[in-house]
Amino acid sequence: MNLTERIAEYIANTGLEDFPPDAIDAAKAAITDCLGCALAGSREPLADVLCDYITSLGGMPQATVIGRGFKTTSLEAALVNGAMSHALDYDDVTFITKTHPSAALIPGALPLAEEVGATGGELLLSYLLGFEVACAVGDAISPAYYDDLGWHPTGPLGALGAAAAAARLLRLSPEQTAMAVSLAASQASGLRQNFGTMTKPYHAGAACRAGVNAAKLVRAGFTASDDALEGRFGFMRAFSGGNGYDPDKAAASLGSRCFMVESGIEIKKYPCCGSAHLALDATSQLLRRESFSAGDVDYIDVLVDFDPPRSLIHSRPTGGLEGKFSMQYCLAAEIIDGQIGLDSFSDEQVMRSEAQTLIPRIEMRRHPGYEGQLSWTEAHNRVDVHLKDGRVLTERADRATTGALRGVTRDDVRVKFLDCANVALNSQDAEAALEMLDGLEEVGPVGPLADLLGG
């Protein structure tokens, strides 16, 4: 049995009872966090552009656009919801694939579940299946995919996961599911060069839409190959640069490993690129321990666990979106303001003179001796702040490497959800939605949940 067929069999035959309790709990936390991020992202300029565009298309009102108070087709709702979920770069990441997994899964699965009348338990299972499929493939392609070739993993791997989730929600046969995954593989894309623009979050939305589109087309009779992942001219070879991939490893992983536990979900504390988060943690610890200001800084060395710039491609940002992908601005803003929050990434904040003065004094480099190795090998960052009075303040922060839910508690996720939801919902609807998400596996048809999230 080839990989694509094995994936189809796994999707069709796996149930919620096949996942351990901590995987289910982490999945619910990730879904809650992602939907909160979508609510906060629903007020971003990106959302205005996309909503104006899709309403001009006049699609059938099948599914809810989160936070915007209207319905459209499940395809277009998947696109907008996915983009809004990733708009603030506040959504989760996972270790093995270096992706934002939830933004490419739940924003597409929810509209489709709403359209077909699926239950909360079915939605939860579809999310877990999509997560496992994306991780199994991502773990078996060449590391060059993440570090060298320029792909944004959330887009291509997200499309495969979204197709897996959609195929399960539509109850496709194994043969249809294999074709749906193959069709999604031909729609998979996303270039890192677009980071710092609206196109970066569009990658997540496009992945959601590709998955829903693939499953619905196949259900209608559309055909695709049954080996588009492992074939000579397939996904794994293409995205690996021609070598260093292992379809057999991916096939063997499904059902024998639980990536939701092994790779875990890292919930973000800051609304910016995850590659800056450990350095922000270290800087936060320094600010709590020492008394200094931006004016006291001579220069700052940041030692990171990847070969720069990776995703942090804007060393001299000129606007809010670029600032989210700038180690230099993120650290400068934290030192100036004492914190990083949703209001840190406006054009005005990035371009203020105090930030622009400090930014050139911050240098990012790999830990000596680790150059050229895989990203996250060291699992820690270090910040050395050299002050004008000759003192050097040093702090490190370590990456959480165990557990299904990493870096936060479920209560932290609830607090973050309500904070994000307040951007688009009244407090009563936000609390009601949170209660349903806490018990998602017990929820009947998800339409009432979607209505609450619509705003």
Q. What number goes with the only condition from (1) modelled with pLDDT under 95; (2) in a helix (DSSP H, G or I); (3) not charged (D, E, K, R) that Pro448 does not pass?
A. (1)
Q | Filter result (open to solvent by 10 Å² or more (accessible area, probe 1.4 Å), more than 24 Å from Asp451 (Cα to Cα) and part of a helix (DSSP H, G or I)) within segment 112-157 | A | Ala134, Ala144, Tyr146, Asp147
Q) Only one residue in Asp343, Asp347, Asp398, Asp337 is among the charged types (D, E, K, R) and more than 26 Å from Thr197 (Cβ to Cβ), so which one is that? A) Asp398
Q) Which ones in segment 253-267 are assigned to a loop (DSSP other than H, G, I, E, B) and of a type in the set (A, V, I, L, M)? A) Ile267
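Yes/no matrix, rows are residues, columns are (1) over 30 Å from Gly407 (Cα atoms); (2) at pLDDT below 95; (3) of a type in the set (A, V, I, L, M, F, W, C); (4) surrounded by fewer than 24 Cβ atoms within 10 Å (Cβ to Cβ):
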site: Tyr53; (1), (2), (3), (4): yes, no, no, yes
site: Gly58; (1), (2), (3), (4): yes, yes, no, yes
site: Ile66; (1), (2), (3), (4): no, no, yes, no
site: Ser74; (1), (2), (3), (4): yes, no, no, no
site: His100; (1), (2), (3), (4): no, no, no, no
site: Ile106; (1), (2), (3), (4): no, no, yes, no
site: Leu110; (1), (2), (3), (4): no, no, yes, no
Q. Can you tell me which residue in segment 356-399 is farthest from Phe95 (Cα to Cα), limited to those that are touching an Asp or Glu at 6+ places or on another chain (Cβ under 7 Å) and of a type in the set (Gly, Ala, Ser)?
A. Gly372
**Q.** Options Arg382, Arg365: the member that is open to solvent by 10 Å² or more (accessible area, probe 1.4 Å) and closer than 30 Å to Gly244 by Cα
**A.** Arg365
Q) Among all residue pairs at least 6 apart or on different chains, which show Cβ distances below 8 Å where the first residue, located in segment 347-368, is closer than 12 Å to Gln328 by Cβ and the second is open to solvent by 80 Å² or more (accessible area, probe 1.4 Å)? A) Val350/Thr318; Ile359/Arg316; Pro360/Arg316; Arg361/Tyr299; Ile362/Tyr299; Glu363/Tyr299
Q.
Please pick out the residue among Leu321, Leu312, Leu374, Leu405 that is farther than 19 Å from Gly295 by Cα, out of contact with any His (no Cβ under 6 Å at 6 or more places or on another chain) and open to solvent by 70 Å² or more (accessible area, probe 1.4 Å).
A. Leu374
Q.
I'm checking my understanding of the structure. Among residues of segment 196-211 that are modelled with pLDDT of 95 or more and outside any helix (DSSP H, G or I), which one is most open to solvent (accessible area, probe 1.4 Å)?
A. Met198
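The values are calculated or read from the model by the stated rules, or taken from the named source; none is laboratory data. Small disclaimer: the values here were computed from a predicted structure and weren't measured. Note that we place each Cβ from the backbone using ideal geometry, even for glycine, and neighbour counts take in every protein chain shown. Surface areas here come from the heavy atoms of the whole protein model, side chains and all, with no ligands, DNA or RNA. Shrake-Rupley method; radii C 1.70, N 1.55, O 1.52, S 1.80 Å.
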